[in-house]
Structure formats: C-alpha cells, structure tokens
C-alpha cells in the first residue's frame, strides 16, 4: 500500500473511534433531552381554570377569590354555549324521526367532545370518576380536544394495499343549517375566555398523591416508595458488602475457596434482573414468607442481593487503594488487626466505599424487574414507615411502565409519565453525579 | 566462619568504644535485643542467615549494607512487622528483654507497643496532628482528654516538633512538610512509650535540612531509648550511632563499635564497602 | 520460659502472655475470622439459593410437559385449556434482539474503547468517561419509555427515510474507504510509477461509480419501506445496544490499558501508523479481554427486561423472513415479566412453572457466559504478565 492510503486509513480509523464516542454522547442526548423537556411540563405548564377548580376541590389549595372570579368570567362565556345546546336539543325534538336519528348520534359525539373540553354540562349527571368532573386542565391538551370537537376523524381504508389513512371532517359542515352550527365558530373564537389559560407552576406534582389513577395530582407515593425500596436495599446490602469486602481484602488467603467466592460474586453480578425478581418471589415470599404477598421488605431484600456484588467490588477497590503504609504505621503502634481496620483503613477507604454505595443506591432506585413480583403495585397511596414490613408500594420505575403500557388512557397522561421518568432519571443521575464528584475529589486529595 | 566472626563481634560491642565527643549512657549497655542463629525466610529463600548479635540498651545501633542485604528484614523482625508477609517465617531465636519474640505465648500486639517503628516514608494517618499522636494512647485505653493532651505535648516536645505545630494541632497532618511529617511519626511512636525505637531508613525520603533535624533528634533520644537505625548513608551511620552492624547478602559480616568499624574494620568485605569499592 | 513469665505483667517483658490468655486470643481470632468468612460466603449462598429456587420451580414444568415442546414448537398459548407452551419463537426473539444489539454495540463499543485508551488526550477522556457512566446509569425503564413513546412512533411514521439516512451516513464513508484501499491494493503490483498512478485513478473512478450506484439502490429501497409497527425488534435492538455499550466500552478499555506501553512503542518504532499499531499489535494482544467485554455486554442485552417488555411488541412468532427486524417479537425476559402476574395465582400449574423454566434458561446462559468471560480475562492476564 502506498503511504497516502495508509495515512487515509489511519485518519479514518481515528474518525471512527471519535465518531462512536460522539454517537454515544448523541444517544445520551437523544434520550435525555425529550425526557427533560417534556418532563418539566409536568410541573411548569399553562393551566386552565379547570386545573384551578380541580386543585381547590381535590387538594383545598389555591386562591378562592381568584378562582371564583375566574369561574364567574368563564361561565359568562360558557352560558352562550349552553344556550346553543339547549336550542339545538329543542330543535332535535321537533325533527322528523329519520333526520332525528341521524343527528342524535352525531350530536352525542359532539357533546362528549365538549364535555372533554369544558367539563360536565348543565343537566349532566354528576360523574363517578374524578377525571370526568373537570374539563381540560392543561392548555395544550385543550387545543387537542378543541380539534376533536371541531373535526370528526375518519379512516380511509379504500386502498387495501397500504395502511388506512386518517382524515378529518368538519363538524360545522355536518350541522350546517341547524341551530348548532354557530357553536363551532363561537367555541373556536372564545376558547381562551372559557378556559382562562395561565402559566402555572405545580410543585404539587412532586408532593401530592395521585387522584383517579394519575389523571390529576402528583407522584409522591411513587417517590416515597422508590426511596423506601432503595434505602431498604442499602440497609441490608451496604453493611454486608463492606464486611465481605474487608474479608476479601484483609483476611482471605488465596486458594480454591477464595476463588470460588469470587466467582460466586461475579456470577451474582451477571444474573439477569428479572431472575432476581423470580427468586425474590420464590424465596422471600413463597418460602420464607417474610410477608403475605408483595411488600417493601421483600422488594428491598431482592434489590439488596442484586446490588451486593457492586458494593463488594467498590468497597474492595477502595480498601485496596488505601496505602500500605497506614497499615504498617498502625500495627507498629501496637494496634490489633481488627483495630487497624476499624480505625485507620475503613475511614481512609470511606469516600471510595461511599461512592460505590451511592451508585448502587441509584441502581436500586432505577431497577424495575426485581420489584415487579416482590414489591410494586400500580395504584396506591403513600405508605407509612410502619407498613414497610407488610404492604407493597407504588414505585417510580414500575409506575412508569404501568402508566405507559397498561393504563387505560396512556396517551392522555403522557405529561405524568414524562414527569415520572424525569423524576427517576434526575434522582439516579444526581446520585451518579455526586459519586463522580466525590471520586474526583478523592483522586485530587490523594495526589496532593 | 560466620559464627566465629559473630562471636568475636559480640565481644566488641560489649565494651563500646566511644570517641571523646560521645558520652557513655548511664544505666545503659545491658543486652536488650539478642539474636542467636536467627534466620528469616521468604518461602524457601533465606533472606537473613543465622545472625547472632547483641543490641545494647539505650545506645544507638546502625545497620548498614547494600540494598537487598536483609538489613530492613532483620529490623522488621524485631517487632514482627514481617508477619504481614504470609510466606515469611523464622528459625533460631530472637530475644527481647530475655523473652523470645517468636515464642509460642508472645502477643505481637503487646510486643509492638514495646518496640516502636518509624518507616522509610513518613506515613501519618489522614487525621489531625493531635489524633495522629493520640492514636496509640487511645488504642491502649487512654480516653481522658487532659491526659491525652499531656501525652501529645510531651511526645511532640520529645520529637522536637512541638514549637512548629503547637498552634495547629487540629489541622490535617498531611499538610506538614516531609521532614515535619517524619518527626511527627517519631512523636507518634514515642507516645506509646516504647523501649526500643526501630528506624527504617527514616531520612531516605527527606532533603538534607530535614535529615539533619532527624539526626539531631536521634541524638536527643539516645540515652532514653534503645535505637536501631537502618541506613544507606554511611556518613549518617558514623554520625549518629554508637555501634554498627554491616550486613551483606543476609549475613551479618561485622558488628563493632562505630568508631572502630569505620576506622579499623576487621573484615576485608566491610572495608571494601565503607571505602566505596561496591555498594 | 513461658511458665516463668506467666502472670508477671507490668514487668518490662509484658508482651508475653499466659497460655490461657493466648488460647482465648486464638479462639477469639478464629471466631472473628469465621464470622467474617460466613458473611463473605453469604454471596455464594445466595448464588446457590438462586439456582436452587429457580430450578425447583422449573423442573416441574419439564416433568409435566417434557423438553420437546418447549424447545421446538412456537405455539405459545399458555392461557388455553390445555395450554401450549412452545417457546421456540420466544427464545428466537431473545436471540434476535441480542444479536441485533451486539451488531450495533460491539463495533461501536470497541472503537470507542480504542479511542478512549489510545487516541484521545487525557483532557478529553475526562469528559468522555462520565458520558459513558451516565449512559450506564439511566434506568432501563427510562430507556423503555423512550423506546415506546418517542422512538416507536417516529419509526412507524417515518421509519423508511430514517433508515435511508442511517444507511447513507453510516455506510458511505466505509464504502469510500473500501474503494480507495481496493484500488490501491489492485494496482500495487504494477511496476511503472506513471502507469500505476493512471490505473489507480481508473479503478478509483470505476469502483466509485459502482459504490454510489449501490448506495442509491439500497437507499431508495430502504426509503420505500413501510414499517407496520414501531414496537419491533429493530427498535429494541437499538435501545439495547445503548445499554450494552457502557459495559463493552469500559471492560474493553481495561483490556486495552493492560497491554503495555512497550508493545506500542515497539510497533511505532518500526514505522507503523497509529491505526496499524492498534490493529496489528494491540488488538490481538487485548483480543481475549475484548471478547470478555463483548460477552458481558451481550449478557446485559439478553437479560434486559423493561425495554423489551415495553417496546418489542410482545408477539410470539418467528418473523418472516427470519431476519426481518421490522416485525414485533417477544423475548424470554418480557414473557416472564408479563405472564407472572397472571400465572402466580395458579402455583403448581405448567403455566407458572414454564416461566421458571425460562428463568432457569436465562440463569444458565448468564452463568456460562460469565464463567467463560472470567476464564478469558484470567488467561489474558496470565499471558500478558508473561507466565
């Protein structure tokens, strides 16, 4: 090969390497950016008067006078809507049966769309579910609902070769000539006055319980459950892991038994997380019966054995990094081995051990599969500290899955899902970030 | 040959020949550490070979010899620091105050309290100066703050570092200079009130000025403690010690009064070494 | 001598203790170490327990239904009466996403590891490493959510153009490189300098045209693709590769770092370029460590639950044709996660035990690959240290 080609190959090799790192950074961004940008929408958003009504009724929060004046002014504009509806209903009664039947179904669709936008209409029965008690609480959702009201969506399945295509038919044209026709331009023109959008900061998203399976309210039970589970796991795994690391580094003599223990440790690190969940179900719940069924205790124990190898490894590394001279100095002063470990080695290794612990805490908080069968429930209120031994808990990781995949109206509460993902990612990344900072400070200290 | 040599040198140390500037120590000169055919092995390898020697109390004994000659190994055997190396074992006998250091009923922790050690590189703990010094006394059950303070001050004064650190006892010891750290380590050792002080090349990591301070300190401590110092530096050995042991490849070649060993060595190998023909 | 000094503490030779005291000390020491050992061997006990308890609930399935159906049939109707438990399609689905993610993650991960250990200056590396650690730290359910809510609709609506762009961006540089190298290699044997240069340019033009035509053909083919569902094997493979990357990068970087400086310097001194040094000397020396990294990364993908559960479509069939990554599939982990909720009321039924059989399969796979990668790492260490 000539030297030119070799140089080109060399450059492109470098480019491939740098490119793959850029791709990784890009991947991180592509995942994190939508989560962050949509996630903050759960707390900062444009809320409507319906949101303020909901806050007042469900959480007894918000300025009563401001709410009352808002409701009054929105009712003024809504009155015209109710009036049009009333007129049309009367007209409907007077229609010939055939025409009446055609319009009735169309009208009930329109009415449902209107309910979704503005909340229950006068004369409706009080809804059972909280989600139907209020109109759209978020302004950007109100836009979507407005579109649903103005246009009927239909599917074009005429071409069997390709997938059906969605298209929209204006409802205004469908009701042309009836007394309902003015409704559509009126709502389109006055929607802002009827819903009174205002920029809202809803910190309650973090501190409130959820109402009507996450249609309204916040994610406090999930955050608390995640905290309980992760802390519980640390409670079991951290002391055990540090003690095991002390044994491996200070006492174990090389040999068959020791290498077996080490193999066991790396095997445990490689076990798929779902298998931990099965084991937790089969062992902690079905065999040991630590609790009747799922409980925070069982989940914590399962998570604890999952993070144990990580903690052991981190602690081992930290202990091995303690200079040998500390050990010698302490022993030469007439200290026993155990005393040396407790008073010199462990304190010196503590930052490193804590780094490993913090990372494991993040892992325990973020992991889902081990708690599916052992601790997590999808709905529930925050549990007290006294209940951790016997009751299951909602948890962020599990409820993200649950709301996104199994909730009956998953697409309507995307903002809640994003908010949960953001909360979880923030918790985990903050923990990791603090570990990175901690480690950087240690290495600086060791160099100085 | 080795044995006969050792026997003769043993006699030589018995009556230490001191140059005029060095005074005899009152109450010193008893056999403090005695080795008889003492060998140290790393696995199969015999690192120290059948050494017989007699270290006199309250005097300074220097150990010289080329790298890897076993001098540090011998020193570390005296307070059983070699126990940290799993393959290390011994034969023969090593007596301290007439008791077998490697005896069946010897508690190495109590032994190390009697036989303090200062290492090549200063190794203060990453704690405050006070906590460093108080570490030993606390280990041995002293918890009274006032008493601890007394011990700390006394030890720091003995180690001639009190004036430099008395106003920052609560500062991290790692902030001290290398020479100060080493004197701090000496003070830390003195705080447990040992009888023997083992110094393993204590100045090899220090600059000349700090070295001079350590040497002065050794002179101060002479007469209060039995001091053994391993050193690469022959001038240092001649400056600070009363008797000198020369090791070569694990064998104690010659042990004699320092003034005699450096001016009139008996063994040709010692002469070659101190005149710099090999190192 | 010992008897003499018994009980004479306070004298200068207080380091000798009585036989009784010594015995107590020994007992205490042994007991302490025994306790520590017991704590440390807890890990081994857990591993044994995991195998035991998963196997205990897995074996009844094979007793009830035998091995043949599970491994050879792809009829998965566990809720039927009587149920059908053919897991072939599910095992195949697991393999498919594992291989798919490995195809993406391995070249990228190894390239990134080389870059980190040999190419980037320390100042840049400092910032690249946290990026990788962050990627490793993001919880799997967040990746799953992203795959389901962001990537899947994107793929469904504009998958064809996306694939086309990916094809262009990823493949065209390599094709260009191949054209240059190929022309060079074909013309090296021509002795005359001027003629060689002419022939080189000719080949360059010829191959270049062919390459561009090929790129266009495949590109337009991809552009016209209709993707029926966004929750498919490709989606999952991409996300899983993100998750496997950090493992692959960090373990192979360790392996590369373990190759000494002297080997590198030896190669540079002989006039090799950096790429040649890395490919011809460093990679072979580190190959076994990199293999271990790849195995660990693949295991991460095989054992991952949430992403596949949320975004693979969970459809238990073997795609047609067999390499069609644009179809929905179902994996072992997702099946366990999804069916346990319905099956655990009926403990004792084949429906419950079949999930444990799947768990056992996963456990064995992870155990074997862990064992193999550990052996490989130990062997590499031994070779590099010259024993």
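Let me make sure I get this right: for segment A:330-397, a, b and c are the square roots of the gyration tensor eigenvalues over alpha carbons, sorted descending. Under 1.5 in a/c it's rounded, otherwise prolate if a/b > b/c, else oblate. Which is it? Cα axes put segment A:330-397 in the prolate bin. Highest GNM mean-square fluctuation among C:128, C:113, C:19, for chain C modelled with Cα contacts below 10 Å: C:19.
With the convex hull of the Cα atoms taken as the outline of segment A:48-202, the averaged projected area works out to 11.6 nm². Give me the angle, in degrees from 0 to 90, between the Cα long axis of helix A:414-447 and the longest principal axis of the Cα atoms of chain A, rounded to the nearest 10. So the inclination is approximately 20 degrees.
Computed over chain C, the per-residue total of -39500 (n - 2.57) for DSSP H runs of n ≥ 4 gives a 222 nm mean residue ellipticity of -24500 deg cm²/dmol, rounded to 500. Between segment A:348-418 and segment A:205-244, the C-alpha centres lie 6 angstrom from each other.
For segment C:16-56, the Cα gyration tensor yields ellipsoid semi-axes of 38, 7, 4 Å (square root of five times each eigenvalue, largest first, whole Å).
Of the residues A:94, A:11, A:138, the one that moves most in a GNM of chain A with alpha-carbon contacts below 10 Å is A:11. Inter-chain Cβ neighbour count for C:107-120, averaged per residue, equals 5 (cutoff 10 Å, partner chain atoms only). Relative to the dominant Cα principal axis of chain A, helix A:220-246 is inclined by about 10°. Rg and Dmax, both from the Cα atoms of segment A:220-447 and both in Å, are 19.9, 70. Taking C:14, C:343, C:285 in turn, the Gaussian network model of chain C (Cα-Cα springs below 10 Å) assigns the largest fluctuation to C:14. Ranked by the mean number of other Cβ atoms within 10 Å of their residues, highest first, the peptides A:208-216, C:155-163, B:82-90 come out as A:208-216, C:155-163, B:82-90.
Taking the square roots of five times each eigenvalue of the Cα gyration tensor of segment C:26-94, the equivalent ellipsoid has semi-axes of 45, 12, 8 Å, listed largest first. Of the two radii for the protein assembly as shown, the radius of gyration is 1.10 times the Kirkwood radius, both from the alpha carbons; that is the Rg over Rh value. Expressed as a fraction of 2.2 N^0.38 Å, the C-alpha radius of gyration for segment C:205-281 is 1.81.
Look at the stretch C:262-274: the mean tally of other chain Cβ atoms within 10 Å of its residues' Cβ atoms is 1.
Its alpha carbons give segment A:199-349 an Rg and a Dmax of 21.1, 69 Å.
Divided by 2.2 N^0.38 Å, where N counts the residues, the Cα radius of gyration of segment A:127-200 comes to 1.42.
Starting with the fewest neighbours, write out C:85, B:278 ranked by other beta-carbon atoms found within 10 Å of each beta-carbon.
Details: C:85 24, B:278 9.
The order, fewest Cβ neighbours first, is B:278, C:85.
For segment A:204-262, the equivalent ellipsoid built from the Cα gyration tensor has semi-axes of 45, 10, 6 Å, listed from largest to smallest.
On the principal axes of its alpha carbon atoms, segment C:234-367 extends 69, 31, 20 Å, with the longest extent given first. Taking a ≥ b ≥ c as the square roots of the Cα gyration tensor eigenvalues, segment C:157-294 comes out oblate, since a/c reaches at least 1.5 and a/b does not exceed b/c. For the Cα trace of chain A, dividing Rg by the Kirkwood Rh returns an Rg/Rh value of 1.13.
Counting every other Cβ atom within 10 Å of each residue's Cβ, B:200, C:192, B:100 order from fewest to most as C:192, B:100, B:200. Per-residue ellipticity at 222 nm computed for chain A from its helices equals -21000 deg cm²/dmol, with DSSP H segments shorter than 4 residues left out and the rest contributing -39,500 (n - 2.57). Over chain B, Cα pairs under 8 Å with separation of 6+ residues give a relative contact order of 29 percent. Take each residue in B:106-117, count the other chain C-beta atoms within 10 Å of its C-beta, and the mean is 6. Across segment C:24-148, the fraction of Cα-Cα pairs farther apart than 23 Å, rounded to a whole number, is 68%. Neighbour counting of Cβ atoms within 10 Å sorts the residues B:166, B:69, C:115, B:185, fewest neighbours leading, into B:166, B:69, C:115, B:185. What relative contact order, as a whole-number percentage, does chain C give when Cα pairs under 8 Å and 6 or more residues apart are counted? It comes to 25 percent, rounded to a whole number. Is chain C best put as rounded, prolate or oblate by its Cα gyration tensor, with a ≥ b ≥ c the root eigenvalues, rounded for a/c under 1.5, and otherwise prolate when a/b is larger than b/c, oblate when not? In terms of gyration-tensor shape, oblate. Counting every pair of alpha carbons in chain B, the share spaced more than 31 Å apart comes to 25 percent. Kirkwood Rh, Cα Rg: Rg to Rh for segment C:178-248? Reported Rg/Rh, Kirkwood definition of Rh: 1.28.
For segment C:61-209, the alpha-carbon coordinates run over 80, 41, 36 Å along the three principal axes, in decreasing order. Annotation: segment B:43-111 has a Kirkwood hydrodynamic radius of 13.3 angstrom, from the mean reciprocal C-alpha pair distance. With contacts taken as Cα pairs under 8 Å at a separation of at least 6 residues, segment C:65-160 carries a relative contact order of 13 percent.
Read-outs: derived from the displayed coordinates by stated rules, not from any lab. Keep in mind it's a predicted model, so treat the numbers as computed, not measured. All Cβ positions, glycine included, derive from the backbone under ideal geometry; neighbour counts span all protein chains shown.
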